[in-house]
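Worksheet: the structure to be examined is printed underneath.
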Amino acid sequence: ELKQKNEQLELTLQKLRELDGYKTKFFANVSHDLRTPLTLILGSVDQMLRNVNAFSEGDAQRLKTLKLNAQVLIQEVNDLLDLARMDAEQMPLVYTSVNIVKIIKNIVATFASLAEEKSIQVLVEGDESFAADVDQVIRIIGNLLSNAFKFTPRGGRICCSVREVQSNRFIVEIEDSGPGIPQIKREHVFSRFSQGSEELSDIGTGIGLNIVKEFVELQGGTVNIVDAPTGGTIFRVILPSY
């Protein structure tokens, strides 16, 4: 009877692994299928915005809103694709020397219309170059900035800084002037599908900060939350520079 139950358990586990594999493949396929048309939409909108003077002020603003929302969607799609890759253990690390500040400024530029709409001031400090996995650093900073813009009120401020903290390690800090995160909720912030309070957060997948944590730990780093002097939140990422 014990042998029979063990066999049944093994069969159940095998079916669960198969279902998990199907789920991972589904996420990957859907993400790829969604990303292509979204990229084409963004490309067309960017072309139109280059000739923004040809549009009325109202139409130009609608184009900027279209671009912003398309960027939000493609970020969510990329998060789903990243989850599928991590679950399938297909996230190799490729280290190159990069200017982290330049990466941050490029990402900040994609939020320009949102910053203008909400009158948010964005500061970027530091000028150090480090060896890191570029793609993962872009995803880490992109998700942290997206989170900062989500919780920073109108007229607020976001500060991004990069500096070396010790030999072969560097620190990235994203500080916002939002409402802050209560200590009791901080341990759940990085959980998969976790979201902020409904009264503070837009509806989303709740996987962005989980992506941050998993990518940081994959590179042998750490990420934590501290109170900002202004009362907001600082997300502090420490990564090795190989």
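The values are calculated or read from the model by the stated rules, or taken from the named source; none is laboratory data. Everything quoted here is computed from the prediction, not taken from an experiment. Note that we place each Cβ from the backbone using ideal geometry, even for glycine, and neighbour counts take in every protein chain shown. Accessible surface is based on the protein model in full, side chains and every heavy atom, while ligands, DNA and RNA are left aside. Shrake-Rupley method; radii C 1.70, N 1.55, O 1.52, S 1.80 Å.
For the list (1) touching a strand residue (DSSP E or B) at 6+ places or on another chain (Cβ under 9 Å); (2) closer than 25 Å to residue 30 by Cβ, I need the number of the one condition that residue 80 fails.
So the condition that residue 80 fails would be (1).
Given the criteria touching a strand residue (DSSP E or B) at 6+ places or on another chain (Cβ under 6 Å) and at pLDDT 85 or above, does residue 56 qualify? Walk me through how you get there before you give the answer.
On the way: touching a strand residue (DSSP E or B) at 6+ places or on another chain (Cβ under 6 Å): no; at pLDDT 85 or above: yes.
Here the answer is no, as residue 56 does not meet what is asked.
Report whether or not residue 216 is buried (at least 20 other Cβ atoms within 10 Å of the Cβ), modelled with pLDDT of 90 or more, outside any strand (DSSP E or B) and among the hydrophobic types (A, V, I, L, M, F, W, C).
On the way: buried (at least 20 other Cβ atoms within 10 Å of the Cβ): yes; modelled with pLDDT of 90 or more: yes; outside any strand (DSSP E or B): yes; among the hydrophobic types (A, V, I, L, M, F, W, C): yes.
The answer is yes for residue 216.
Hey, can you tell me all the residues within the stretch 77-110 that are open to solvent by less than 40 Å² (accessible area, probe 1.4 Å) and free of Cβ contacts under 8 Å to residues at least 40 places away in the same chain?
98, 103, 107
Restricting to the stretch 219-232, name every residue that is modelled with pLDDT under 85 and among the small types (Gly, Ala, Ser).
The answer is 231, and nothing else.
Just to be sure, is residue 89 within 30 Å of residue 18 (Cα to Cα) and of a type outside the set (A, V, I, L, M, F, W, C)? Write out each step before concluding.
Details: within 30 Å of residue 18 (Cα to Cα): yes; of a type outside the set (A, V, I, L, M, F, W, C): yes.
So residue 89 passes the test.
One line per residue, one yes/no per condition, for (1) within 30 Å of residue 91 (Cα to Cα); (2) modelled with pLDDT of 80 or more; (3) open to solvent by 70 Å² or more (accessible area, probe 1.4 Å); (4) of a type outside the set (Lys, Arg):
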position: 9; (1), (2), (3), (4): no, yes, yes, yes
position: 16; (1), (2), (3), (4): yes, no, yes, yes
position: 28; (1), (2), (3), (4): yes, no, no, yes
position: 31; (1), (2), (3), (4): yes, no, no, yes
position: 36; (1), (2), (3), (4): yes, no, yes, yes
position: 40; (1), (2), (3), (4): yes, yes, yes, yes
position: 51; (1), (2), (3), (4): no, yes, yes, yes
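Scan the strands (runs of 3 or more DSSP E) fully inside the stretch 105-205 and keep the ones with 1 or more residues being at pLDDT below 90 and touching a strand residue (DSSP E or B) at 6+ places or on another chain (Cβ under 9 Å).
129-133, 157-166, 169-176
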